[in-house]
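Let me give you the structure first, and then I'll get to my questions.
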Amino acid sequence: MARRGNALDYRLLITDLDGTLIGGGGALNECDLRAITELRRRGIVVSIATGRMYSGTREIARRIGVEGPVACIDGSHIVDVGTDSDLVCHTLGTEALLMVAETLREAGAASVVFSRDVIWFDRRSEQYLPFLTVWSDRTEEIPNTLADGRWNDHDAVTALVAIAPATRLTVARDRILAEIGADVQNVLFMIDRDGNAGMILRSAGVSKGTALEWIARHHGIDASAVVAVGDWLNDIPMLETAGRAFCMAQSPPEVVATAELLEADGWNGGGIAEAAARSGLL
């Protein structure tokens with residue numbers, strides 16, 4: 001459990017969005033908004049580390065008054081909120097993408113491609129857009145996401161999501177890791193009761209933890225002076241890197257093992273205010 005600093009040392013609070021700052025209805029909790037306003041008044045830097053793309057993050061960041069960098073796509077894309085300019089962009093290389101696309105085509109996977117801030121989809125993956133557009137409001141339809149390379153010509157690919165029956169997707173994942181495992185990282189998860197699974201592929205060596213370190217350095221702050229709040233598995237690297245870490249009440253056991261458990265949950269909110277109070281920032 002990360003708890004290395006003391007209240008006088010903490011200078012930055014970084015939060016996840018969905019399930020942490022953002023509740024199930026997509027709303028910001030007023031208690032958290034007041035806490036963030038007070039933190040900023042006291043000179044505490046507030047930032048965001050999320051799995052969303054930047055277009056799905058920008059308005060929230062501006063509403064809570066974030067200045068400077070925020071981390072998107074689990075640290076693959078770091079953007080300056082004030083200027084909308086890229087600061088860091090970790091992408092999947094062309095050779096890796098070609099191999100991944102071929103393998104997923106053979107698996108019969110429906111896929112979407114995250115190209116910086118655009119989600120590319122086709123008719124097979126269109127059904128998943130209601131969920132994915134939470135991450136980005138910029139979408140482009142093409143005939144076949146795995147055969148049409150327009151997304152690669154258009155911009156750099158930061159992530160790829162594939163959906164297929166779990167047995168086929170697992171075989172595809174194992175082949176990808178065997179051939180280019182050093183270049184990619186993956187998260188495989190079940191998505192329904194019919195045995196379908198989803199997989200997210202991103203550039204290797206990047207996480208919310210590396211993003212926390214980058215944002216802290218940008219502000220001249222050591223990672224031990226950062227308070228982090230999250231709720232899900234992709235938050236674990238961030239929680240393990242922060243000086244003090246908190247997780248929401250609904251967090252799974254793997255997350256709870258890395259952070260201090262909050263009473264606040266993702267449905268009712270209040271986690272940021274509680275974490276700020278318990279860490280001595282408020």
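Looking at the stretch 242-263 only, could you name the residues that are among the small types (Gly, Ala, Ser) and more than 18 Å from ALA49 (Cβ to Cβ)?
Within the stretch 242-263, ALA249, ALA257 qualify.
Related question: Inside the stretch 58-92, can you point out the residues that are touching a strand residue (DSSP E or B) at 6+ places or on another chain (Cβ under 9 Å), of a type in the set (S, T, N, Q) and surrounded by fewer than 19 Cβ atoms within 10 Å (Cβ to Cβ)?
SER85
Among the listed residues ASP32, ASP74, which satisfies the condition of being touching a Lys or Arg at 6+ places or on another chain (Cβ under 6 Å), of a type in the set (Asp, Glu), within 27 Å of ASN268 (Cβ to Cβ) and modelled with pLDDT of 90 or more?
Only one candidate qualifies: ASP74.
Can you find even one residue in the stretch 202-216 that is more than 18 Å from the chain's Cα centre (by Cα) and either without any contact (Cβ under 8 Å) to a residue 24 or more places away in the chain or within 29 Å of ARG11 (Cβ to Cβ) (or both)?
no
Kindly evaluate ALA7 against the criterion of being hydrophobic (A, V, I, L, M, F, W, C) and at pLDDT 90 or above.
The answer is no for ALA7.
Hand me the list of strands (runs of 3 or more DSSP E) wholly inside the stretch 196-251 holding 2 or more residues that are surrounded by fewer than 24 Cβ atoms within 10 Å (Cβ to Cβ) and not aromatic (Phe, Trp, Tyr).
Per the criteria, 196-203.
For every residue, the table says whether it meets (1) under 26 Å from HIS219 (Cα atoms); (2) modelled with pLDDT of 95 or more; (3) touching a helix residue (DSSP H, G or I) at 6+ places or on another chain (Cβ under 6 Å).
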residue	(1), (2), (3)
GLY25	no, no, no
GLY56	yes, no, no
VAL81	yes, yes, yes
ASP86	yes, no, no
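The conditions are (1) out of contact with any helix residue (DSSP H, G or I) (no Cβ under 7 Å at 6 or more places or on another chain); (2) at pLDDT below 90, and ASP117 fails exactly one of them. Which is it?
Evaluating ASP117 over (1) out of contact with any helix residue (DSSP H, G or I) (no Cβ under 7 Å at 6 or more places or on another chain); (2) at pLDDT below 90 leaves (1) as the failure.
Okay, next question. Tell me which residues, restricted to the stretch 101-112, are among the aliphatic types (A, V, I, L, M), more than 13 Å from TRP135 (Cα to Cα) and not in a helix (DSSP H, G or I).
ALA107, ALA109, ALA110
OK, next. In the stretch 71-86, how many residues are in contact (Cβ under 8 Å) with a residue 60 or more places away in the chain, in a strand (DSSP E or B) and among the aliphatic types (A, V, I, L, M)?
Total meeting the criteria: 2.
Of the conditions (1) small (Gly, Ala, Ser); (2) within 20 Å of the chain's Cα centre (by Cα); (3) farther than 20 Å from LEU188 by Cα, ALA147 clears all except one; give me its number.
Exception for ALA147: condition (2).
Moving on. Condition test on ALA49, is it out of contact with any His (no Cβ under 9 Å at 6 or more places or on another chain), modelled with pLDDT under 95, surrounded by 15 or more Cβ atoms within 10 Å (Cβ to Cβ) and closer than 23 Å to GLN250 by Cβ?
no
Is it the case that some residue within the stretch 228-236 is among the polar types (S, T, N, Q), modelled with pLDDT of 95 or more and not assigned by TED's automatic domain parsing to the domain that holds ALA109?
The answer is no, given that none of the residues of the stretch 228-236 is among the polar types (S, T, N, Q), modelled with pLDDT of 95 or more and not assigned by TED's automatic domain parsing to the domain that holds ALA109.
Specify which of the listed residues (ILE36, ILE48, ILE119, ILE78) is under 17 Å from the mean Cα position of the chain (by Cα) and more than 21 Å from ALA156 (Cα to Cα).
So the residue among ILE36, ILE48, ILE119, ILE78 that is under 17 Å from the mean Cα position of the chain (by Cα) and more than 21 Å from ALA156 (Cα to Cα) is ILE48.
Within the stretch 120-135, count every residue that is at pLDDT below 85 and surrounded by 23 or more Cβ atoms within 10 Å (Cβ to Cβ).
Going through the stretch 120-135 one residue at a time, the tally reaches 1.
The values are calculated or read from the model by the stated rules, or taken from the named source; none is laboratory data. Only a predicted model underlies this, so the values are computations on that prediction, with no experimental measurement involved. For neighbour counting, all protein chains shown are included, and Cβ atoms are generated from backbone atoms with ideal geometry for every residue, glycine included.
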